[in-house]
Amino acid sequence: MSFYVTTPIYYVNAAPHLGHAYTTIAADVMARHHRQRGEEVFFLTGTDEHGEPVADAAHALGIAPQELADRNAERFRALAPQLHASNDFFIRTTDAQHEAIVQRVLARVRENGYVYEGTYEGWYCPRCADFKAENDIDEGNRCPIHHIELTREQEDNYFFRLSAFQERLEELYAQREDFVAPRTRYNEALSFIRSGLRDVPLTRHKLSWGVRVPWDPEHVFYVWFDALLNYYSALSYAPAPASVSAAGAAERGASLTERMWPATYHLIGKDILRFHAVYWPALLMAAELELPRHVFVHGFLLMEGEKMSKSLGNVLDPFAVIERYGADALRFYLLRDVPFGQDGSVSTAAFELRYESELANELGNLASRTIAMVHRYRDGVPAVLAPDAELDADFDGLASEVQWMIDRAELTGALELIWQRVRRLNRYVEERAPWQLAKDDTRAQELDGVLSTLVAGLRVVAVLAHPYLPDATDRLLAALGVEDRSLECARWSSTAALGARLGELAPLFPKS
Ligand code: ME8
């Protein structure tokens with residue numbers, strides 16, 4: 001089994017913000033979960049460095065585009081480890097290997113008859129790097145996303161014959177209803193296709209910051225075609241990740257492309273749906289390459305009701321949140337508070353509430369008091385006993401349910417399933433009141449059962465929540481003496497963590 005997940009590659013025209021962190025965190029949760037399943041996993045993120053958004057920003061600063069790209073790419077590269085994102089590679093579209101593959105694949109698209117010369121005339125947004133159709137323009141010829149005035153472009157270009165794929169794309173959507181999710185985004189993409197596809201510029205003549213067109217070096221490729229191909233090109237020069245080497249793939253001579261292509265999930269924000277759900281499959285068909293299995297489209301994080309973006313300037317700084325509360329808290333908050341796939345507001349107040357009530361009180365206290373009671377009443381050693389049958393209905397099969405949800409990128413739903421069990425365990429503590437049982441020697445066996453059940457429950461929720469809270473669950477599982485992080489360890493009947501002395505646990509989510 002192989003699992004390949006990607007984030008969009010982010011523009012280096014400005015610094016990373018919470019919106020970028022969001023997609024990277026979501027992809028990381030999926031990658032970590034699939035590694036827990038023992039699969040070969042490749043998780044890709046990186047930066048989109050060509051085109052007008054970057055050239056214009058560099059020009060405004062009076063520096064060369066490459067210099068701006070080098071400066072900001074490092075900030076995006078550094079963001080991933082700060083988020084505890086376990087990406088296997090970081091691609092930059094200025095990598096020479098990427099550029100060579102873009103040239104090779106697009107030359108092939110031309111050989112296959114899908115490229116012709118023409119003149120483009122229409123509206124263009126330099127921030128989106130997007131040619132706008134007449135019905136996609138706000139009053140006063142403004143960009144509906146950036147609210148800036150659009151430019152009227154007239155340019156001799158090479159065109160990509162997108163219209164040739166009208167029928168094949170309609171067939172794709174008919175045959176694979178899970179190609180794009182959630183359903184609203186599938187419908188949106190399909191209605192765009194049904195409204196009639198028009199050919200789009202494949203190259204730019206006016207711009208020099210891009211990948212040279214091999215058959216006409218006065219042109220560079222339109223940044224979106226260059227950018228989309230990162231998902232394919234990275235596999236040809238990234239080193240094999242540990243999960244793949246472990247499976248012995250390299251020894252058997254299979255390349256990463258052979259092992260991992262096509263991508264299992266492209267995670268994107270709704271702003272770039274059309275490029276991924278329409279242009280990208282058409283381009284792959286034109287190049288005779290296999291299509292990705294799923295494109296999952298999440299919503300926007302909103303602040304004060306507006307899309308948060310660097311160009312609108314209303315940004316909550318993920319670095320500041322991480323510095324104060326840690327990456328786990330940010331990961332948890334974003335996937336818990338905003339249903340993954342929908343738009344949602346984020347705020348410092350809502351963050352602090354979740355941190356305090358759910359992380360510190362519900363999970364943090366459950367872990368501390370369980371471990372403290374095992375130390376106090378049983379010298380740190382929970383008895384090897386089957387967990388209380390009363391909780392079977394809640395915990396049996398939980399791992400499969402979580403797996404089912406994550407297979408559908410329902411990351412908020414999966415986390416909710418886990419959190420219901422955290423709450424169930426807290427109720428169980430209150431119902432059984434182990435501190436009362438401890439006062440009565442005749443109830444020693446009952447106390448053993450309650451403590452072992454709590455330890456088993458903690459183990460299950462920690463293993464399942466590990467992709468969301470990698471640091472806190474590592475510390476918790478270490479205190480429980482559990483080394484294995486695989487999903488196998490989330491089985492309710494497993495006796496891991498029982499019969500040996502538990503370690504100490506510092507507060508998982510300290511209150512500030
Ligand atoms: O579009 N809420 O790059 P970009 C949620 N280079 N997610 C957000 C967000 C918000 N407010 N703001 C940004 C590009 N994002 C192209 C992509 S891919 C081949 C090329 C996230 O830097 C979300 O994933 O503008 C969105 O799609 C992406 O950042 C856009 O990043």
Output the qualifying pairs, or none if there are none: Cβ atoms under 9 angstrom, residues six or more apart or on different chains, first residue in the stretch 266-277 and over 16 Å from Gly46 (Cα atoms), second residue near the ligand (Cβ under 7 Å from one of its atoms) and of a type in the set (D, E, K, R). Asp271/Lys307
Looking only at residues in the stretch 317-349 that are small (Gly, Ala, Ser) and over 19 Å from Arg423 (Cβ atoms), which one is modelled with the lowest pLDDT? Ala320
Scanning the stretch 284-302 residue by residue, those in contact with a strand residue (DSSP E or B) (Cβ under 7 Å, 6 or more places away or on another chain) and either within 13 Å of the ligand (Cβ to nearest atom) or of a type in the set (Gly, Ala, Ser) (or both) turn out to be Pro292, Val295, Phe296, Val297, His298, Gly299, Phe300, Leu301, Leu302
Just one of the numbered conditions (1) surrounded by fewer than 18 Cβ atoms within 10 Å (Cβ to Cβ); (2) within 32 Å of the chain's Cα centre (by Cα) is not true of Asn112; which one? (2)
Candidate set from the stretch 134-151 (those that are in a strand (DSSP E or B) and not hydroxyl-bearing (Ser, Thr, Tyr)); member that is least open to solvent (accessible area, probe 1.4 Å): Asp138
How about the stretch 1-111: which strands (runs of 3 or more DSSP E) wholly inside it have at least 3 residues that are hydroxyl-bearing (Ser, Thr, Tyr), within 28 Å of Glu410 (Cβ to Cβ) and within 14 Å of the ligand (Cβ to nearest atom)? 2-11
Which numbered condition His219 misses (of (1) open to solvent by less than 20 Å² (accessible area, probe 1.4 Å); (2) modelled with pLDDT of 95 or more; (3) within 16 Å of the ligand (Cβ to nearest atom)): (3)
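The values are calculated or read from the model by the stated rules, or taken from the named source; none is laboratory data. The structure presented is a predicted model; accordingly, all values stated were derived computationally and were not measured. For neighbour counting, all protein chains shown are included, and Cβ atoms are generated from backbone atoms with ideal geometry for every residue, glycine included. Side chains are part of the model used for accessible areas, which takes the heavy atoms of the whole protein and leaves out ligands, DNA and RNA. Shrake-Rupley method; radii C 1.70, N 1.55, O 1.52, S 1.80 Å.
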